[in-house]
Structures are given as structure tokens and as C-alpha cells.
Amino acid sequence: MFKILLSIAIAGLTLTRPTLAAEDIVKKPWTEIIEQAKQEGEVVWFNWYLQPRFRELTKSFEQKYGIKVTIPDGTSDGNLSKFLAEHGRSVGDIDVMSIGGDQLPKFDVASYFLGPLNILPEYSKLRTQINGGDSKGYAVAFWGNQTGFAYDPTRLDEAKLPQSFDELTAWIKQYPQAFAFNDTRGGGAGNAFLQAVVRAKVKQTDILSGNYQPAWDWFSINRANYGFTASNADSLSRLNGGEFQIVAAWEDNLAGLQQKGEIDRRMKFYIPKFGLPGGGNVVGIVSNARHKAAGLVFVDWLTSAATQALLNKELGSAPVNSSTLMALDALPTEQRSYSVEWLPVNQADAIKSQFPRKSCTWSIILRI
């Protein structure tokens, strides 16, 4: 979908650098940027998830600066399509754009975003590389997420949770259909587990050459032992209902559903020692934004240590500002060290495309 949208956008556009006026604003003193932002009085943020909660949480920004925050309803694909299509306009409707870090390699960040953003007061504490993408300083991470395993501690001895990949393999053989991961065409928790199997079973030289056969063999051999769900939410719902004991999951997704009362708070999350990927999303100020100064001030607020602690507490995200004190971190510190980077985008795409055909999972996917 992304490649189609990008091709359409590029076909009718000349990818020019941002205008001189856009470049000039990042050279102004920060105090002048704040004053201009207050005069602009509004910032439009295109973010595709948790819009109602973010509308609530951004009220503190509005109160602090007197700048209205508008977060339109929209999907990931819909927002992205608009973002790409508006690039040729002198002034677009989007001021601040959220995007997954893994999408950054797929377009010219220096053309689509204002920057570099080293004008931000806390820039040195922020991440510009995440989820296999590098913004080159034109966008910064605002949301950290981590994949791992959600489990029911009332049904499992926590001291005996599978930690190595061999232990997990032995566990699912001993307890068939007690472990599940979701459809890899959708949420990333399923893809995270898929990448973990590849890392555990395939030599690095074969990963680089695109030969993932040992991973496909593992899935085929263990087909009767693992469950396969329709989505991240489906995995957690069926864990909650007692069908499964361990499922691949997002840390923030579990925390959010527990806060809403949709998943029992007894459910816990851990990162096994063999490692599962962590990443996140970035925000950038669109190069043809109407409210550029307001966008800069908003991104500074969103990525500040204080706001990152708020997002951690209220939404379960992993802070991406290095000076943030974790407000809601149920994981022992050493577990954070088990997090690994997502595989590069080209490898991840190749693995995901081969999986249905070569892992004996195609018939299940067709049913879903």
C-alpha cells in the first residue's frame, strides 16, 4: 500500500527542498519561535491511533501555550495518502505528521519535513533512528513500543517462563496450543515473533542472502503446537478468556487495554532473554505546514521528558527521551536489555511476504 501511494504522489510532483521561509524558521532563537507559535494559535497533528486520549492529554499543552491542538480522525493509510498527496501544495492541511519509524527509508525526509530539528531544546536527548528508520534529524521519536509475551501468572509459574528459544520450543511441545501469535499481515507482535524465529534458526549469512528456510522448517514442524490469531487484540482477548497461556503482544497495547478494563490487570508482560523487537513512531513538522512555529513548539512539548513520563503513565508507551523517569515500568531493568532492533525494512518485508507460502500457515491465513 505504501509503495503504491508513494508512486502516485511522486508521479505528479517535483520533490523540491522546503522553501527558504521554511528553512529560516529553524534558524530563529527559540524564544522567537514560541512567540510566533502563540500568534499562529493552532497546530494540526495527524496521528492515526488513540486520537480521543491524545485530545485529552494535549489539553495541558493548550493551557500552557494558548495554542489549540486539532487531531483529526483518520487511519494510518488515509493519513499517509494525504501527507504524500499534499506535498506539491504551497500550504498543506497537516502541520505535524506521525509515522512509523520503519516508513522513513521509503521517502525523502529532507523534502517532506521541516528541519533539521536540532533547534529543539531537548534534541540531544531524543532519538532520530528507530524501527530501522533514520530521519536524519528531520523527525524525532515520540512513541516507544516494545514487543514481548503477555501471560497469565495465575496459570504459569513465573520462575519457569520460557527464556531461551529452545525453552520456548520445548514449552509449546509440552503444552500444545497454549502459545499463540497473530496474523503477520497486521499488527507487529506477530511480525516480531516471526523475526525472532528467523534470528534464532537462520544463520546471519543466510539472512543477508534471503534464505530463511530453517525458520520455515521450524513453523512446519511445530504447526500443531502453536495457535494463530486474527490480530493483536484477538490474541489478548483469547489470553484473557483462558484459551491461551502466552501470546505475542505489544507492551503498550496490553497496558492500554488493561487501563480501559478490557483485559484483566492480572495479565503480565515480559521480554524473553532471546529478545524481541522494540521500536516506535516519529513526528515531524511538514515542510509546507501552515503553522510551522506552533508545530515546532508542539513537537518539543510532545517529546519533552515530562510529557514522555505522562505518556508512559497514561498510555503505557516506552519513553524515547533519555532523561525521562519511567512512571509505569513493571519490567525489571534487565529485561529492557533484551530488546532488539527490528530487522532492516528490506529483510522484514521479504520475510513477511514469504511466511504465508513457506511456513504451512497459508491455509490458516486464508481462513482469517
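The values are calculated or read from the model by the stated rules, or taken from the named source; none is laboratory data. These numbers come from a predicted model, not from an experiment. Cβ placement follows ideal geometry from the backbone for every residue including glycine, while neighbour counts extend to all protein chains displayed. The protein model used for the area step is the full one, side chains on, heavy atoms only, and it has no ligands, DNA or RNA in it. Shrake-Rupley method; radii C 1.70, N 1.55, O 1.52, S 1.80 Å.
Applying 1/(1 + (r/R0)^6) with r as the Cβ-Cβ distance of LYS203 and LYS136 and R0 = 41 angstrom yields a FRET efficiency of 0.80.
If you model region 196-236 as an ellipsoid using its alpha carbon gyration tensor, with each semi-axis the square root of five times an eigenvalue, the axes come out at 24, 13, 7 Å, biggest first. On a 0 to 90° scale, report how tilted helix 292-303 is relative to the longest principal axis of the chain, with both axes built from alpha carbons and the result rounded to the nearest 10. The angle comes out near 40 degrees.
Gyration tensor analysis over the Cα atoms of region 256-326 returns equivalent ellipsoid semi-axes of 30, 15, 13 Å (largest first, whole Å). Of the Cα atoms belonging to the chain, the radius of gyration and Dmax stand at 21.5, 65 Å. Distance between the C-alpha centers of region 111-131 and region 329-355? Whole Å please. If you average the Cα positions of each part, the centres end up 23 Å apart.
So what's the back-of-envelope 222 nm ellipticity for the chain, counting only DSSP H runs of four-plus at -39500 (n - 2.57) apiece and dividing by all residues, rounded to 500? About -12000 deg cm²/dmol. Per residue, the convex hull around the alpha carbon atoms of region 288-354 comes to 165 Å³.
Axis angle, to the nearest 10 degrees, between helix 345-358 and the longest C-alpha principal axis of the chain: 40 degrees.
Given N residues in region 218-276, what is its alpha carbon radius of gyration divided by 2.2 N^0.38 Å?
1.20
Per q in 0.13, 0.24, 0.29 Å⁻¹, report the Debye log10 I(q)/I(0) for region 110-158, using one uniform scatterer on each alpha carbon and no solvent. Taking Cα atoms of region 110-158 as identical point scatterers yields -0.46, -0.92, -1.15. For region 34-98, the Kirkwood estimate of the hydrodynamic radius, built from every pair of different alpha carbons, is 12.7 Å.
At q = 0.16, 0.18, 0.24 Å⁻¹ the log10 of I(q)/I(0) for region 136-221 amounts to -0.80, -0.95, -1.33, computed by Debye summation with a single uniform scatterer per C-alpha, solvent ignored. Evaluated over the Cα positions of region 103-249, the convex hull gives a direction-averaged projected area, one quarter of its surface, of 11.5 nm². I need the fraction of alpha carbon pairs in region 169-283 separated by more than 19 Å, rounded to a whole percent. The proportion of pairs with Cα distances above 19 Å equals 49 percent. For the options LEU161, LEU311, LEU117, a Gaussian network treatment of the chain with springs between C-alpha atoms closer than 10 Å singles out LEU161 as fluctuating the most.
Calculated FRET efficiency, SER231 to LYS273, Cβ-Cβ distance, R0 = 30 Å: about 0.65 to the nearest 0.05.
A 1.4 Å probe, protein heavy atoms only, puts the accessible area of ARG89 near 100 Å².
Please report the orientation-averaged projected area of region 40-165, defined via the convex hull of its C-alpha atoms, in nm².
11.7
With the chain treated as a Gaussian network of Cα nodes joined by springs under 10 Å, which of THR75, THR128, THR324 yields the largest mean-square fluctuation? In this elastic network of the chain, the residue with the biggest mean-square fluctuation among THR75, THR128, THR324 is THR75. With r as the distance between the Cβ atoms of ARG290 and LYS106 and R0 = 30 Å, compute the FRET efficiency 1/(1 + (r/R0)^6) and round to 0.05. It comes out at approximately 0.75.
Past 29 Å, Cα to Cα: identify those pairs from LYS64/LYS106; LYS59/LYS260; LYS27/LYS106; LYS268/LYS358; LYS125/LYS313, in the order given.
Among LYS64/LYS106; LYS59/LYS260; LYS27/LYS106; LYS268/LYS358; LYS125/LYS313, the Cα-Cα distance tops 29 Å for LYS64/LYS106; LYS268/LYS358.
What a 1.4 Å probe finds exposed on region 255-301 is 40% carbon and sulfur by accessible area, rounded to a whole percent. Between ALA200, ALA305, ALA159, the Gaussian network model of the chain with springs among Cα atoms under 10 angstrom shows the greatest mean-square fluctuation at ALA159. For a modelled paramagnetic label at ARG336, 7 Å from Cα along Cα-to-Cβ, the residues of region 112-131 in reach, with backbone nitrogen under 18 Å, are 124-131.
The C-alpha atoms of the chain define a longest principal axis, and helix 76-85 lies at about 40 degrees to it. Taking the centroid of alpha carbons for each part, region 226-272 and region 61-77 are 30 Å apart. Placing a label point 7 Å from the Cα of SER323 along the Cα-to-Cβ line, the residues of region 291-309 whose backbone N sits under 15 Å from it are 300-309.
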